[in-house]
Structures are given as C-alpha cells and as structure tokens.
1. Please work out whether segment 185-403 counts as rounded, prolate or oblate from its C-alpha gyration tensor, where a ≥ b ≥ c are the square roots of the eigenvalues and a/c under 1.5 means rounded, while otherwise a/b larger than b/c means prolate and anything else oblate?
2. Could you tell me what percent of the DSSP beta bridges with both partners in segment 2-182 are antiparallel, to the nearest 5?
3. Exposure proxy check: 149, 165 ranked by fewest other beta carbons within 10 Å?
4. To make sure I understand, if each residue's beta carbon is the centre and we count other beta carbons within 10 Å, what order do 196, 331 fall in, fewest to most?
5. Please determine, in degrees from 0 to 90 and to the nearest 10, the orientation of helix 91-108 with respect to the longest principal axis defined by the Cα atoms of the chain, where the helix direction is its Cα long axis.
6. Under the definition of Cα pairs under 8 Å and six or more residues apart, what whole-number percent is the relative contact order of the chain?
7. By per-residue mean of other Cβ atoms within 10 Å, what is the highest-first order of 122-133, 219-230?
8. What whole number of Å gives the distance from the Cα centroid of segment 115-138 to the Cα centroid of segment 58-105?
C-alpha cells in the first residue's frame, strides 16, 4: 500500500473599482487537500477543503478503496522545490498601488469612466508520496485589470487592458494606459490586408481537442492520421512549457507527478505534428508513451488534460515581423470561436490600428475568420521576441474579414 497527498493553497486579495471609484475589498485563503491510497490496482481518494489532519485524510481515503477506482500505475519519485515569488504585497501596499493607478487614470483621462480590479495572488502547491516524491511549486503575482468607457460612448464598455507581473511596475502601467487611451478618440480605417496582433491564448484552445491522444486514436481529431506530417507553418512550434520563464501560477509537474525533460514537451515542431498528449491511463489504453499531461483531479484519479501551451518565439520584434505594415489589435471580440471543422469566426466589436508597438486609432466593427490550418499555416507571421502592446506574449497573423 502506498500513500500520496496533494495540497494546494490560494491566497488572494482584491480591490474592486466601479465608475472610477473604489467599490470594495475582498480577501480569501483557500486550502484544498487530496489524500490518496493505492493498493491492489485501485486508488482510494478523499478530497477535503480547509485544514484537516493527514491521519484523518488517509483514513477516509483508505476507506474509499472499496469504490474500486482502477489505478495500476507506479507512483513517481523525485525531489524538487521551486518558488517564483519576487515580492509579496501586504493589503496596505496593494491599496497604495490601486490608489496610484486610479489617481493616474482619473487625472490624465477625465473623459473616461473606469472599472476593474487590482489583485494579488499567492498560489502554493505540493505533492508527496511514500515512495519519496517531494515536489512543491509557489508563485506570487499582481495584476491590474482595467475596463474603460468614454463619456460620449453609448456602449456598455469601450475596452479593456491588463498588466500582470510578479513585481508591479508603475511605469509599465502608465505606458499601457497611455497607449490604449490616448489614441481611442482617433478614427482609423481598416487596412486592405488584415494582420491581427493579439495575445494568442484564445486561439490555442482548439489544440486541446486536436492533440488529445484519445481523439487522435479514435479518429475524432482533425489531426488523426497526420502525426509525422507537416501541417502548419515552417516556423510554427507548439509546446507545453512550464519553465521558470513561462510558468504562471502553475506547476512543473503534472497530476501524476510526472516532470517533462527541461520542463518542456514539444507537440508540433516546425509545422510537423509529432504526437498527441496523454496521461498514463490514455497512454496505456492506446499503447503509446505518456507525455506528462495528467490533469490534477483532487476528488478522483487524474485524467488527461494538463497543458500549458506556448508558441515558440521568433527572434524578431513585432515591428520587424510587420516589416512596415500595420496591424489590428482586437480590444473587444466576443461571440465567436472555432467550429467543429476548425474554422474560427468571431465579431470584433472594438479594435485599434497599430504599428506593432503604438496604437493609432479606433476601427469600425468587423468580423474575422480563418481556418486553424491557415492561421498557424500560410497566414502565420510569428510570435514576437518582445512583449509590445500587451506586456505579454502574442501572435501576429493574417486573417480574412468582413464588415
């Protein structure tokens, strides 16, 4: 009989802004525990919120062996501890930052009304078992999220921007606010060639379906039969990346305690589909290697799905990738997404013309569309080496549009 414990602690303080004034303050601390007992090819699992003794947790987990949850796999071993915290902010410090941000916005942009929040989160997680595994990962971040509306606007909202850092930088916040708000009242026209510049997370969701090893094996993925083939652009590489540089409130290990070599696993390399993602159960079922992608399920055995997808960066900046062309930065784009055939369509309610770094003016509404195979294929321009506009990684790509 082997035992395992997973414990996650989340501490968050939030200051809320409404109609350019402070509205409320919220603070919470949450601890989640998962006790696991493995014996005879089965797992007994017991989930608790809050503080509980290990003895009580394992007692309940052992009793749950009677539920006969199958789990025949050998537990992981290893010892590693990572803490990416740069600074922890007291509630008073958080309030000082919120006040400085709101004072700046109200003083420099009196024609706007602001909503949003200033929030700091510390997330700690650890995993231990009786075979000697001892892992922990801690991260602490601060984020300022601002929605804005011009006084003359008839819309509910006119836009949104957010700055997330481990150490708050007021200069980066004011630069971002200036970039979004100064050019808002300028009117611009859509260019003939539409080049989208945007944080790429929303465009990657379809890959969780396409690269799922279960879907690949059952023939329900659009990439079934294409493993080993070049499907996307030469310079498109997609990987799971939980290195120090890329992680954000997540762990270097998966829900089964598996750690990828160098904290990375490449699924698409230079346009070639290499493999799908699989936890131990999925890999065993379909006779393939597991990829360290078990999602943590505190109330049950792990399941397939832990990915922190990143696109490999270009060695060129945003301006260099654009090469003199102008991009379009969607600000509010709601009501669309991918369909079953991989076609992406969404209306863009608010957007701005951009030179790769500076926003130039507001654009009329339009709808963007494109196939995932084109977006990351012939129309893929790249992920810049810099974090222009968003203070975060983003993609530059061509898309079709209609007004």
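1. Values: a/c = 2.08, a/b = 1.81, b/c = 1.15.
Prolate shape, in that a/c is at least 1.5 and a/b is the bigger ratio.
2. Values: 65 of 70 bridges.
Here the antiparallel bridges make up roughly 95 percent for segment 2-182.
3. Numbers: 149 19, 165 15.
So the ranking, lowest neighbour count to highest, is 165, 149.
4. Numbers: 196 25, 331 22.
Fewest-to-most Cβ neighbours within 10 Å comes out as 331, 196.
5. Tilt of helix 91-108: around 20 degrees.
6. On the way: 926 pairs, mean separation 59.3, N = 403.
Result for the chain is 15 percent.
7. Details: 122-133: 17.5, 219-230: 14.2.
Top to bottom by mean Cβ count within 10 Å: 122-133, 219-230.
8. Result: 3 Å between the Cα centres.
Only the coordinates and a few stated rules stand behind these numbers; no lab work does. No experiment lies behind these values; they were computed from the predicted model shown. Because the Cβ atoms are built from the backbone with ideal geometry, glycine has one as well, and the counts that use them run over all protein chains shown.
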